[in-house]
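Only the coordinates and a few stated rules stand behind these numbers; no lab work does. If you're wondering where the values come from, they're calculated on a predicted model, not measured in any experiment. No Cβ is skipped: glycine too gets one built from the backbone with ideal geometry, and neighbour counts run over all protein chains shown.
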Ligand code: TXA
Ligand code: MG
């Protein structure tokens, strides 16, 4: 069993940073989901992440940074990209950018592309580890490929305990769905993955976001993902016989769980993966109430659609 360390102190952050510098893997909390972090510039360490997740190596990883000093070594920022950084970093926005010529990140982490995904997380533990390790951290969500994403340290321990050297426990994730991924490589910014930062907030700055073109589509946007074993039925107004009902908002039906009784999308996003995980242990069929498509609802519905395939 790997160590789970609570509320990391200065000493434990140093210990975690040493593991990273030695090419190991540390599970870290971010404000979105837990990540499996390794030194992005160390090819062997990055290979270990792919192996731990059973992730196909054509699906590139996000490199996590703390500041523009580190970011500008890795990628070229257009004025439009800088505007987004200014407004949303640190936070749940991942930018896909052209790599610099001398970018030290392992080609495995970028799946051999000439672009790189960068994110500056807001969570104090993630920031602390990047600062202590003094390198960009490649970190995908800390779940086996295709499984539900982890929003607590215990989820990580349950799924990947044999494959991580240390788990830093920073409490349950605030947002609960992954970062929004925006490509700023082409003429116009494109939304590659809806996520924790609602589209409307980005579009207030960029104008309408493009849909991903074939060429720049996120290689990781597989149709089936986040998948529980149970069969999911979406947009269910009411449960059918034999189905557990996952509600949203006030419900006149008997619910097995409710993403948010008050109909709050933030609360629903934070509960999404943890509730699916618990219901999946108990039921074979889960019906899920309709979730409005606005704000965080776009990311929630995206995850549900992939989970239901
Ligand atoms: O909230 C998050 O983003 C979490 C936390 C740990 O930071 N991380 C996360 O990583 O969700 P992951 O690996 O599960 O998802 C990264 C997404 C994938 O869909 C991947 O295909 C896409 O980003 N991506 C990474 N590099 C890319 C690139 N160069 N071009 C296009 N898409 C890229
Ligand atoms: Mg993931």
Can you tell which of 79, 121, 239 shows the greatest fluctuation in a Gaussian network model of the chain with Cα springs below 10 Å?
79
Given a cut-off of under 8 Å on Cα pairs at least six residues apart, what relative contact order in percent is computed for segment 231-307?
39
Calculated FRET efficiency for the pair residue 145/residue 76, C-beta based, R₀ 30 Å, to 0.05
0.50
Nearest 10 degrees, 0 to 90: what angle lies between the long axis of helix 124-133 and the longest principal axis of the chain (Cα atoms)?
30
Computed on Cα atoms, the radius of gyration and Dmax of segment 231-307 in angstrom are 11.1, 32
When the scattering of segment 69-201 is computed by the Debye formula from its Cα atoms alone, each counted once and equally, what is log10 I(q)/I(0) at q = 0.13 Å⁻¹?
-0.60
Between residue 262 and residue 100, 0.36 nm times their residue separation minus their Cα-Cα distance comes to what?
53.7 nm
Taking Cα atoms, the helix 10-21 axis meets the longest principal axis of the chain at an angle in degrees (rounded to 10) of 70
Could you tell me the calculated FRET efficiency between residue 251 and residue 284, based on Cβ-Cβ distance and R0 = 25 angstrom, to the nearest 0.05?
0.75
Here FRET efficiency (C-beta to C-beta, residue 237 to residue 306, R₀ 30 Å, nearest 0.05) is 0.85
On C-alpha positions alone, give me the angle between the axis of helix 43-53 and the longest principal axis of the chain, in degrees, nearest 10.
10
Compute the relative contact order of the chain as a whole-number percentage, counting only Cα pairs closer than 8 Å that sit 6 or more residues apart in sequence.
21
Report the gain in length on full extension from residue 111 to residue 57: 0.36 nm times residue separation, minus Cα-Cα distance, nm rounded to one decimal.
18.8 nm
Which values of log₁₀ I(q)/I(0), to two decimal places, follow from the Debye formula for the chain at q = 0.12, 0.13, 0.14, 0.15 Å⁻¹ with a uniform point scatterer at every Cα?
-0.76, -0.89, -1.03, -1.18
Stokes-Einstein D in µm²/s, Kirkwood radius over Cα pairs - segment 3-87 at 25 °C with 0.890 mPa s viscosity
166
Per residue and in cubic angstrom, what volume does the convex hull of the Cα atoms of segment 132-263 have?
189
